[in-house]
Structures are given as structure tokens and as C-alpha cells.
1. How are the alpha carbon pair distances in the stretch 157-234 distributed across 10 Å bins from zero to the largest one, expressed in percent?
2. Roughly how many percent of the accessible protein surface of the stretch 29-73 is carbon and sulfur, given a 1.4 Å probe and a whole-percent answer?
3. Counting only protein heavy atoms and using a 1.4 Å probe, what share of the accessible area of the stretch 157-234 belongs to carbon plus sulfur, as a whole percent?
4. Sequence-distant or interchain residues sharing an amide H contact under 5 Å with Tyr31, placed H: which?
5. Taking a probe of 1.4 Å, how large is the accessible area per residue of the stretch 157-234, in Å²?
6. How much area per residue is accessible in the stretch 29-73 when the probe is 1.4 Å and only protein heavy atoms are counted (Å²)?
7. Among rounded, prolate and oblate, which fits the stretch 29-73 when a ≥ b ≥ c are the square roots of the eigenvalues of its C-alpha gyration tensor, a/c under 1.5 means rounded, and a/b larger than b/c means prolate?
Amino acid sequence: MNKIKETALTVAGLASVLAAGQTVAHAASTYTVQDGDTLSELAQKFNLTVEDLVKSNKISDANLVFVDQKISIPTSAVADSTTNDSAAASQAAESAASSAADSLAAASSAAAASDAAASSAAASSAAASQAAASSAAATTTTVSASSTAAVAGTGSTYDQFIAAGGTAALWQYVVMPESGGNPNAVSPNGYHGLGQTMQAWGYGSVATQTQGMVNYAVSRYGSIDAAVQFRLANGWW
């Protein structure tokens, strides 16, 4: 038996229990007045007359009943009411079971579609993540190799640059193309130092020039990496 049928039968069973509970409740010889009840409505419900209820409960004013007031119901009236309520409860149970089966079938179909979409999205995400990881690994290897070559070729200037806060990427992709790693380099247009600038820090020590470059990269591009990317894309910074 599939889950939808099991659930529908469970709902039907619960509705049947509810109907049985209502029958037991109505089988009592008293009725508790609810908000909005009137004697005429109660008389109609239990196939009685208002006079029957007034007489059996010694009510002085037929137009006045109170919430939570106990009303005595003759036994014959209780039996009739119970029969009617049982039939109504049974019909309600059948309707509830049918509705539950329809709803669960629709939910099952929607869940299957959602699971398929989620599986497809997960597969695409995994493939994209793997590709990104491979690309990052390749980039790291390239930068690492370039950095090693830079260290071997520039000696103490590079060491001072790194010690002052510079990065291997900033040296490799900005300093080397701009000045060849020479802190005293001057271009035909008057740009000076490791980072080729007309600012005062371009004429200072390696440490001063390094700090100037770092501050310039962060203030103009937001980060050293962003400055490197700009230099690679545009050939200047």
C-alpha cells in the first residue's frame, strides 16, 4: 500500500473516531449552552419544542439562557440527534479522506519535481566548484613559480619590498613591468621608483616606496589584488 493511500485511510479513521466521539457526547442527558445558542435553536436541534425545554429545565424566561448553562435533554431527543449527527459525521469523514488523498497526490508530484530540480542544480554546482578549484590551483602554481624566479633575480631589493608589506603578486605583476625592480628607475615622462610614480614616496627608500605602493593600491583599487588585476588588464595602474 502506498503512502498516499495509507495517509488517506488514516484521515478517514480519525474522522470516524471523531464521529464516534460526537455520538458519545450527544448521548449525554445534558447539553452545555454555547455562545450564541437560543432555546429555539436547541429545540430544533434535538427535535423538541421550546416548551419541552422550558418545562424539563424549569426555565423562567424562554428568551434567556446563559453560556455554560446545563440544559437537560429528554432521552428520546438525544437518540434522534445522535442518529443525525452520526450520519453527518460519516459523510464528513468520507469527504475529508477524499480531499486528503487528492492533496497528498498533488504534494507527492510536486515533491518529485522539486527533488529532480535540486539534483540537477547540485550537479551543476559541483561541476562549477571543481572547475573553479582547478583554475585556482593552476593560478597559484604559476604565481608561486614566478615569485621564486623574482626572488632569485632581485636579491635584497625584493626582500626589503616583502618585509615592508609588499606581496609577491604586486612585485611580479606591477613592480617588475613598471621598473624592473629598480628603486631608482626614472621613465622618460618623469615617473620614478619601483611603482613609477610622481608622488614623493617614489623617491624614498625601498620600504618607503613599498608602503606608498600598498597605500595607493588600497586607496584607489580597494586591495592589492584588485590593483594587480587592473594592471594586468590595462598595462598601467
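The values are calculated or read from the model by the stated rules, or taken from the named source; none is laboratory data. These numbers come from a predicted model, not from an experiment. These accessible areas exclude ligands, DNA and RNA; they are computed on the full protein's heavy atoms, side chains included. Shrake-Rupley method; radii C 1.70, N 1.55, O 1.52, S 1.80 Å.
1. For the stretch 157-234, the pair-distance distribution reads 22, 59, 19.
2. Values: 1390 of 2970 Å².
Carbon plus sulfur share of accessible area: 47 percent.
3. Reported share for carbon and sulfur atoms: 51 percent.
4. Ile71, Ser72, Ile73
5. Working: 3760 Å² over 78 residues.
Heavy-atom SASA per residue in the stretch 157-234 reads 48 Å².
6. 66 Å²
7. The shape class here is rounded.
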